[in-house]
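First up is the structure itself, then whatever we jot down about it.
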Amino acid sequence: MARYSIFALARNALRRHRDWPLAWRSPEPKAAYDAIIVGGGGHGLATAYYLAKRHGITNVAVLEKGWIGGGNTGRNTTIVRSNYLHDESAGIYDHALKLWEGLSQELNFNVMFSARGVINLAHDEHEARELRRRVFANQLAGVDAEWLTPLQLKEFCPILNVDPGMRYPVLGGALQRRAGTARHDAVAWGYARGADGRGVDIIQNCEVTGFDIRDGQVRGVRTTRGEIAAPKVGVVAAGHSSVLAEMAGLRLPIQSHPLQALVSEPVKPVMPTVVMSNAVHAYMSQSDKGELVIGAGIDSYNSYAQRGSLPVIEETIQAVVELFPITSRLKMMRQWAGIVDVCPDASPIIGLTPVEGLYFNCGWGTGGFKATPGSGHVFAHTIARDEPHAINAPFTLDRFHSGTLVAEHGAAAVAH
Amino acid sequence: MLLIDCPWCGPRDEVEFSCGGEAHIVRPPEPANLSDAEWGDYVFMRQNRKGVHYERWCHGHGCGRWFNVARDTVSHQVLAVYAMGEAPPEV
């Protein structure tokens with residue numbers, strides 16, 4: 001793997017950038033691997049990377065039905081934070097945030113992680129109490145969090161409207177300073193390059209159509225490019241997790257919904273941070289290109305269509321214009337949706353299944369991007385050791401039978 | 001954007017309705033006798049089909065009544081509308 005550096009840049013500039021090596025190969029699938037990862041999004045590629053790097057399992061294939069990072073990895077609003085309520089969530093999301101902080105160096109690929117802070121607004125007394133409870137819970141769990149008054153919020157983000165006469169006035173907000181944004185595509189590409197460089201085969205345009213399961217043990221997968229054998233299969237398929245689970249004869253508590261986002265025309269820097277509001281349902285940040293990146297809510301009904309409905313966007317834009325009056329004449333350039341896999345307790349499922357050698361990592365719902373490095377790290381451990389890492393041990397499928405849910409609807413930020 | 005044919009009010013815009021999730025889930029007659037796994041399945045496990053999905057809708061901003069819908073989760077086409085208690089139609 002050719003290392004990227006200022007010297008490599010200068011060297012290649014002299015050759016007019018004609019000799020850059022490909023960042024990853026496009027190999028034909030082999031007949032058998034030691035492990036297969038189904039799903040070439042950020043989580044799947046991170047899993048393959050950590051399998052190769054931390055566990056020495058390099059004979060691995062990542063099977064992606066489309067192109068890598070083309071699903072929710074390329075469709076989210078790039079927000080990274082770890083201010084969830086419960087200790088279990090603080091464990092996994094803060095684990096991810098710590099990995100984000102060194103990820104560009106780790107991967108030798110600029111993922112453009114920017115700790116510009118994330119603010120969660122409160123618009124009524126109850127929400128203010130709940131948010132302050134979360135701030136205290138975060139502080140006890142070792143996650144940075146602080147409470148800001150409307151005036152402090154205005155100082156931190158000058159374009160925010162804190163007029164007490166608003167329909168839903170801003171009563172305060174929680175700030176996590178270590179949180180921020182990252183470049184979503186770069187995360188997939190960086191992990192793909194790192195995994196490929198350690199021998200992992202990344203196979204695109206290869207859809208899994210079934211599992212080969214005999215005597216309760218997975219033996220491989222059937223794909224649109226033939227059968228591939230492996231004693232271990234990890235499924236990281238986001239919105240399509242239920243479809244794959246059904247192929248394996250499993251049931252999941254997951255519902256798939258479209259979650260929308262949109263971006264404005266590029267403007268000069270106006271938005272120094274990320275602002276999220278659960279109550280009026282909008283969140284906004286500014287990309288390095290200058291586009292305002294706006295997150296909307298989910299459609300209430302199940303869908304696999306990767307497009308959302310207009311009433312949801314209308315509601316979000318109303319909220320954004322009220323919160324940021326500066327945006328009222330801005331043109332919106334693009335709008336899209338990703339299919340999110342929502343769990344009843346808004347927490348993920350990462351672990352073993354009743355089928356030996358088959359592992360699922362799903363249920364991240366509306367907030368999986370932020371967890372990408374941590375999710376891949378603990379899922380690789382789960383696959384390599386055939387037992388969960390202490391960090392993902394609470395996030396079993398079995399919790400829906402035992403009742404030990406990790407209820408994070410309040411902190412998940414997207415109403416569902 | 002969905003156009004849903006309410007059995008009582010006729011075709012209306014989706015914003016008048018709310019979706020109540022999977023239809024035809026029957027509450028177990030004797031919950032006290034269920035195992036944790038059976039109760040967990042009843043409460044949490046759901047169909048999540050890519051294709052025809054049978055679900056409940058309520059015309060909250062209209063007649064206020066519940067009914068069942070068979071809908072394709074990829075094309076969003078509403079394939080059938082039928083009354084609560086009726087068996088799911090073949091579509």
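Along the positive direction of the dipole of the range A:95-218 (beta-carbon charges: Lys, Arg +1; Asp, Glu -1; about the Cα centre), which of A:Val187, A:Leu107, A:Leu131 reaches farthest?
Projecting each Cα onto the dipole axis, the largest value belongs to A:Leu131.
So, with +1 on the Cβ of K and R and -1 on the Cβ of D and E, and no other charges, what is the size of the charge dipole of chain A about its Cα centre, to the nearest 20 debye?
Dipole of chain A, to the nearest 20 debye: 1400 debye.
Counting only Cα atoms, I'd like the Rg/Rh figure for chain A, Kirkwood definition for Rh.
Computed over Cα atoms, the ratio is 0.97.
Assign unit charges at the C-beta atoms only (+1 for Lys and Arg, -1 for Asp and Glu), then state the dipole size of the range B:3-82 relative to its Cα centre in Debye, rounded to the nearest 20.
It comes to approximately 160 debye.
So if each residue of separation counts as 0.36 nm, and I subtract the Cα-Cα distance between B:Ile25 and B:Ala83, what length gain in nm does that give? Display every interim value, and only then the final one.
Details: separation 58, 0.36 × 58 = 20.88 nm, distance 1.47 nm.
In short, 19.4 nm is gained.
Positive end of the dipole of the range B:3-82, charges at C-beta (+1 Lys, Arg; -1 Asp, Glu), about the Cα centre: which of B:Val78, B:Ser35, B:Gly21 has its Cα farthest in that direction?
B:Val78
Could you pull the Cα extents of the range B:3-82 along its three principal axes, largest to smallest, in whole Å?
43, 28, 18
Using amide H atoms built 1.01 Å from N in the peptide plane, name the residues 5+ places from A:Gly297, or on other chains, whose amide H lies under 5 Å from its own.
A:Gln260
Rounded to the nearest Å, what's the spacing between the alpha carbon centres of the range A:208-243 and the range A:88-109? Just the number, please.
29 Å
To the nearest 10 square angstrom, how much accessible area does A:Glu265 have with a 1.4 angstrom probe?
Its accessible surface works out to 50 Å², give or take rounding.
Over chain A, calculate the relative contact order: mean separation of alpha carbon pairs under 8 Å at least 6 apart, over the residue count, as a percent.
Over chain A, the number comes to 22 percent.
Considering the options A:Ala261, A:Ala23, A:Ile298, tell which one lies farthest towards the positive end of the dipole of chain A, charges being +1 on Lys and Arg and -1 on Asp and Glu at the Cβ, about the Cα centre.
Of the listed residues, the answer is A:Ala23.
How much accessible area per residue does chain A have, counting only protein heavy atoms and a probe of 1.4 Å, in square angstrom?
Working: 16690 Å² over 416 residues.
I get 40 Å² per residue for chain A.
Mind telling me which of A:Val135, A:Val270, A:Val80 comes out most flexible in a GNM of chain A, alpha-carbon contacts under 10 Å?
A:Val270
How crowded by other chains is B:46-57, given as the mean number of beta carbons from other chains within 10 Å of each beta carbon?
The mean count of partner-chain Cβ atoms within 10 Å per residue comes to 5.
At a Förster radius of 60 Å, what calculated FRET efficiency corresponds to the Cβ-Cβ distance of A:Glu125 and A:Trp67, to the nearest 0.05?
Once rounded, the FRET efficiency stands at 0.80.
Nearest 5 percent is fine: what portion of the DSSP beta bridges confined to the protein assembly as shown is antiparallel?
Percentage antiparallel, nearest 5: 80.
Testing the spin-label approximation: label points 7 Å from Cα along Cα→Cβ at A:Arg307 and A:Ala32. State their distance in nm.
Those two pseudo-labels are separated by 4.6 nm.
Suppose R0 equals 25 Å; then what is the FRET efficiency for A:Trp147 and A:Val270 from their Cβ-Cβ distance, rounded to the nearest 0.05?
The value I calculate is 0.50.
Select from the range A:280-312 all residues whose loss of accessible area on going from the chain by itself to the full protein assembly reaches 50 Å² or more (probe 1.4 Å).
A:Tyr301, A:Asn302, A:Tyr304, A:Arg307, A:Pro311
Can you list, by residue number, the Cys in chain B that have no neighbouring cysteine C-beta under 4.7 Å?
Flagged as lacking a Cys partner: B:Cys19, B:Cys58, B:Cys63.
Given H placed on each backbone N at 1.01 Å, which residues far from A:Ala282 in sequence or on other chains put an amide H within less than 5 Å of it?
Residues meeting the criterion, in which the H sits 1.01 Å from N, are A:Ser277.
Taking the Cα centroid of the range A:43-71 and of the range A:341-366, what is the distance between the two, rounded to the nearest whole Å?
The range A:43-71 and the range A:341-366 have Cα centres separated by 17 Å.
In whole percent, how big is the carbon plus sulfur part of the accessible area of the range A:32-187, probe 1.4 Å, protein atoms only?
Numbers: 3130 of 5950 Å².
With neighbouring chains kept in place, the figure for the range A:32-187 is 53 percent.
Across peptide B:38-44, what mean number of C-beta atoms from other chains lies inside 10 Å of a residue's C-beta?
5
In a solvent-free Debye calculation with one equal scatterer on each Cα, what is log10 I(q)/I(0) for the range A:294-416 at q = 0.10, 0.13, 0.14 Å⁻¹, listed in the order of the q values?
Summing over Cα pairs of the range A:294-416 leads to -0.42, -0.65, -0.72.
Which chymotrypsin sites (Phe, Trp or Tyr not before Pro) from the range B:8-58 combine a DSSP loop assignment with at most 15 other Cβ atoms within 10 Å? Kindly include the intermediate steps, with their values, before the conclusion.
Working: sites: B:Trp8, B:Phe17, B:Trp39, B:Tyr42, B:Phe44, B:Tyr54, B:Trp57; in loops: B:Trp8, B:Phe17.
Answer in residue order: B:Trp8.
Note the buried accessible area between B and A here, summed over both chains, with a 1.4 Å probe, in Å² to the nearest 100.
Summed over both sides, the interface buries about 2200 Å².
Obtain the nm distance between the two label points defined at A:Ala10 and A:Lys331 by a simple spin-label model: each point lies 7 Å from its Cα along the Cα-to-C-beta direction.
Between A:Ala10 and A:Lys331, the simple spin-label model gives 4.2 nm.
Which percent of the accessible area of the range B:3-82 is formed by carbon and sulfur heavy atoms (probe 1.4 angstrom)?
Of all accessible area on the range B:3-82, carbon and sulfur atoms account for 49 percent.
Which whole number gives the average count of other chain Cβ atoms within 10 Å of the Cβ atoms across peptide A:251-262?
3
Per residue, how big is the convex hull of the range A:75-186 when only Cα atoms are used? Give it in Å³. Mind showing how you got there, number by number?
Values: hull volume 12.9 nm³, N = 112.
Hull volume normalised by residue count: 115 Å³.
Can you list residues from other chains, or at least 5 along the same chain, whose modelled amide H is less than 5 Å from the amide H of A:Asp212?
The list, which skips near neighbours in sequence, is A:Arg219, A:Gly220, A:Val221, A:Arg222.
Would you list A:Lys98, A:Lys65 from the most to the least accessible area, probe 1.4 Å?
I get A:Lys98, A:Lys65, largest accessible area first.
Carbon and sulfur together cover what percent of the accessible area of the range A:327-392 at a 1.4 Å probe radius?
Taking all protein chains in place, the range A:327-392 shows 49 percent carbon and sulfur surface.
The values are calculated or read from the model by the stated rules, or taken from the named source; none is laboratory data. No experiment lies behind these values; they were computed from the predicted model shown. Cβ sites come from the backbone with ideal geometry, for glycine too, and all protein chains shown count toward neighbours. With ligands, DNA and RNA removed, areas are computed over all heavy atoms of the protein, side chains included. Shrake-Rupley method; radii C 1.70, N 1.55, O 1.52, S 1.80 Å.
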